[in-house]
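Notes follow the structure.
The values are calculated or read from the model by the stated rules, or taken from the named source; none is laboratory data. Keep in mind that what you see is a predicted model, and the values were worked out from it rather than measured. No Cβ is skipped: glycine too gets one built from the backbone with ideal geometry, and neighbour counts run over all protein chains shown. The accessibility values were calculated without ligands, DNA or RNA, using every heavy atom of the protein model including side chains. Shrake-Rupley method; radii C 1.70, N 1.55, O 1.52, S 1.80 Å.
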Amino acid sequence: GISARTAKLLYIIIIGLFGFLATWLRYYGDQMKLNLGAWEVHCTNSTVPDDAGYYVYCKGDAAVYRISFVLAVFFGITTVGASVSKGFHRGYWGAKLFFLFVMLLICFFIPNSFFDNTGYAWVARVVSILFLVIQILVLIDFAYVWNDDWVERAFPSDGSDDNRNWIFMVLGASLILYMVALVGIPLIFTYYGDCAIGVVFGSLTLTGIVIFTGITLFRFQLVEQEGAILPASVVAAYCTYLCWSALESNPNNECKPFQTSEEHPAGIIIGMIIASASLMWTVLSASQGVEDLLAGAPGDSDMNTPLNDSEGGPLYQAIASDTEEGYDYDDEDDWPETRLWIFHLTLFTASMYMAMLLTNWGSAAHAEGNGDGKVGVASMWVKILSQWLTIGLYVWTLVAPAFLSEYRDFD
């Protein structure tokens, strides 16, 4: 049979292809004349404004929910199967693909009422919050792993000669990432500062970056632990991106620059490809990261050790050889069953997150400026709240020794 690593890549490809299909139907489903009666529920009745644009994108949301639901059911079953047998993760591909195809056909005849905010959309919204938290933890973990890897290369613990070029690389990478914030935040004030929400989001982002950068620089004086500037720069750049993305999701067009009335089809197709690739990468990183987070070495209480206890971060794990020390991915005995079901559980949450990502977090209201379904109040607040949570969790990793030194050894 195929290796566990190859099987993982196949699962990732499946979620990427289904993500592309969901995005395609989101934008072009109505042009395909898929006039199924089940799609009309909540899209053409007295409670909906007489708006052709709303009708098209309501049906688009219906398609996204259905595909997300099929993936969620599929990965829910594989989670249970992988927890029982490692062979289930690697094999039965004929039955799995047949099940996906049949479920995909059946789902289009399920009434929209099953997917509204009292049904699947509500469940997906709750589960997606868990996936967002996983993303944030993986990002912070990756930042620490990256820093520790390059510092170890600069000052090897095995006693070999120091190579200070790696320190310059750490400083260079940190400078580039901080430049994202130093350039991005003034641009946010320049182009989004006409509305109060742009000023508030930009100010809070700047304040948060200044606070955790200050704590990083003076961490030794505060908690008697060395700080690391590279993780801080990663978080700073990510927070700047989330602020911009949140403001771009604002349905009030007067608060955003560069508005166009219609997007070119080529731009939409390129966007769908990027979105699918991004979804695949996010799932790959999150699944690998959560496996390492939950399957770390028992009894390891050193908070200075990154959350990821294995060598390298998600990217390294994804491209490392199958026989990288510590795990032989072609040997069932070296692939713990817990890691397999954790991987599938992450894909289960990602399947629901995909639905929220493409439908403005299940919001039933299509406000002004949301004709293409890519913006909305719900999406805007989810993104900015994710930023605040990122800042909070990162600050906690910096100050934890001051509060938990009596319970854990941080040396």
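Answer rounded, prolate or oblate for the range 60-193, using the Cα gyration tensor with square roots of eigenvalues a ≥ b ≥ c: rounded when a/c is under 1.5, else prolate when a/b is larger than b/c, else oblate. Oblate shape, in that a/c is at least 1.5 and b/c is the bigger or equal ratio. Accessible area per residue was computed with a 1.4 Å probe on protein heavy atoms; Met354 scores about 0 Å². A simple spin-label model places the labels of Arg164 and Asn252 5.3 nm from each other, with each point 7 Å out along Cα-to-Cβ.
How would you classify the range 62-103 from its alpha-carbon gyration tensor, with a ≥ b ≥ c the square roots of the eigenvalues: rounded for a/c under 1.5, else prolate if a/b is greater than b/c, otherwise oblate? In terms of gyration-tensor shape, oblate. Return the tail of the calculated pair distribution for the range 168-219, meaning the percent of Cα-Cα pairs more than 14 Å apart. Distances greater than 14 Å cover 61 percent of the Cα pairs.
Spin-label pair Tyr241-Val102: with each label point 7 Å from Cα along the Cα-Cβ axis, the two points sit 4.1 nm from one another.
In this structure, Trp381 and Ile176 have a Cβ-Cβ separation that, at R0 = 35 Å, corresponds to a calculated FRET efficiency of about 0.75.
The overall shape of the range 135-200, judged from the alpha-carbon gyration tensor, is oblate: a/c is not under 1.5, and a/b is no greater than b/c. Note on Arg153 and Phe218: with the Förster distance fixed at 30 Å, the Cβ-Cβ geometry gives a FRET efficiency of about 0.70. Note that the range 186-194 has calculated 3J(HN,Hα) couplings of x, 5, 4, 5, 5, 9, 10, x, 5 Hz, one per residue in order, obtained from phi through the Karplus relation 6.51 cos²θ - 1.76 cosθ + 1.60 (θ = phi - 60°); glycine and proline are x. Of the cross-linked pairs Lys59/Lys383; Lys59/Lys96; Lys86/Lys383, those separated by over 32 Å at the C-alpha level are Lys86/Lys383. Modelled spin labels at Ala196 and Leu17, positioned 7 Å past Cα toward Cβ, are 5.1 nm from each other.
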